[in-house]
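**Student:** The following block contains the structure, expressed as structure tokens.
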Amino acid sequence: MTKNSKDAPENLNENEVVESVTEETEIDVENIDIVALAQSKMEEYKALAQRTQADFDNFRKRNVEAVKQARVDGGNDVVLSMLPVLDTVEIAINMIADEATKSGVQLIQKKFQEVFAKYGVKEIEAMGQEFDPNLHNAIMQVEDPENAGKVVEVLQKGYTRDGKVIRYSMVKVAN
């Protein structure tokens, strides 16, 4: 009894067709095992490929963030290394008696401040402010009941960059 799929009666359901095909052809059980094994390996490799793709996407995202942070840290390092130069310029301005020379050095100071402002560097306002250990580094204390808890002298200016302290203000605080 040989039936082709075009010879199969129209009214047979799927199970009857499968039974008739299995009766007509001898199925090798070993081939079924190989097919099942191949399908399971295919699913395993597919899952591995999906995990690998997800791991790579996560790596790429982490790498982008690491590069951004490295740029920020590098910029902070450059600014931090330039702050002593600005401090020296400010000291020089206070020591110069000649007004023409003083105005020339003040132009240099202004240029420094413009460059720092371009990169998000801001001076921490400290004089007369309440002492804040998140912004100020108290290195001296003086007795002054009128200004207790306030900064009475700034010994070294502090700076922030994009909201992060890159150098704390060294201050004298009143008790």
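**Student:** Pull up all non-local amide H partners of Phe131: gap of 5 or more, or a different chain, and H-to-H distance under 5 Å with H placed in the peptide plane.
**Tutor:** Amide H to amide H, under 5 Å and 5 or more residues apart or across chains, Phe131 pairs with Lys150, Val151.
**Student:** List every residue whose amide H lies under 5 Å from the amide H of Leu155, counting only residues 5 or more places away in sequence or on a different chain, with H placed 1.01 Å from N in the peptide plane.
**Tutor:** Sorted by chain and number, the residues that satisfy this are Met170, Val171, Lys172.
**Student:** Return the distance in nm (one decimal) between the two label points of a simple spin-label model at Glu43 and Met127, each offset 7 Å from Cα along Cα→Cβ.
**Tutor:** Placing both labels 7 Å beyond Cα along the Cβ direction yields 7.6 nm.
**Student:** Compute the signed sum of charges (Lys and Arg +1, Asp and Glu -1) over the other residues within less than 14 Å, Cβ to Cβ, of Thr160.
**Tutor:** Summing Lys and Arg as +1 and Asp and Glu as -1 gives +1.
**Student:** In addition: Return the sequence-ordered ³J(HN,Hα) values of the range 144-149 in whole Hz as given by the Karplus equation 6.51 cos²θ - 1.76 cosθ + 1.60 applied to θ = phi - 60°, using x for Gly and Pro.
**Tutor:** Residue by residue, the range 144-149 yields 7, x, 5, 10, 3, x Hz.
**Student:** Then there's this: Quick one: grab the alpha carbon gyration tensor of the range 122-175, order the square roots of its eigenvalues as a ≥ b ≥ c, and give me rounded if a/c is under 1.5, else prolate or oblate depending on whether a/b is larger than b/c.
**Tutor:** prolate
**Student:** List the residues, sorted by chain then number, that are 5 or more residues from Gln141 or on another chain and whose placed amide H is less than 5 Å from its amide H.
**Tutor:** Long-range HN contacts for Gln141: Val173.
**Student:** Given the C-alpha centroids of the range 95-136 and the range 51-77, what is the distance between them in whole angstrom?
**Tutor:** With the range 95-136 and the range 51-77 each reduced to a Cα centre, they are spaced 34 Å.
**Student:** Let me ask something additional. Give a residue-ordered list of calculated ³J(HN,Hα) values for the range 154-164 (Karplus: 6.51 cos²θ - 1.76 cosθ + 1.60, θ = phi - 60°; whole Hz; x for Gly, Pro).
**Tutor:** 9, 8, 8, 5, x, 9, 10, 9, 6, x, 10
Read the figures in this text as sums done on the coordinates, not as results from a lab. A quick note: this is a predicted structure, and the numbers were derived from the prediction, not measured. When we count neighbours, we look across all protein chains shown, and the Cβ atoms used for this are built from the backbone with ideal geometry, even at glycine.
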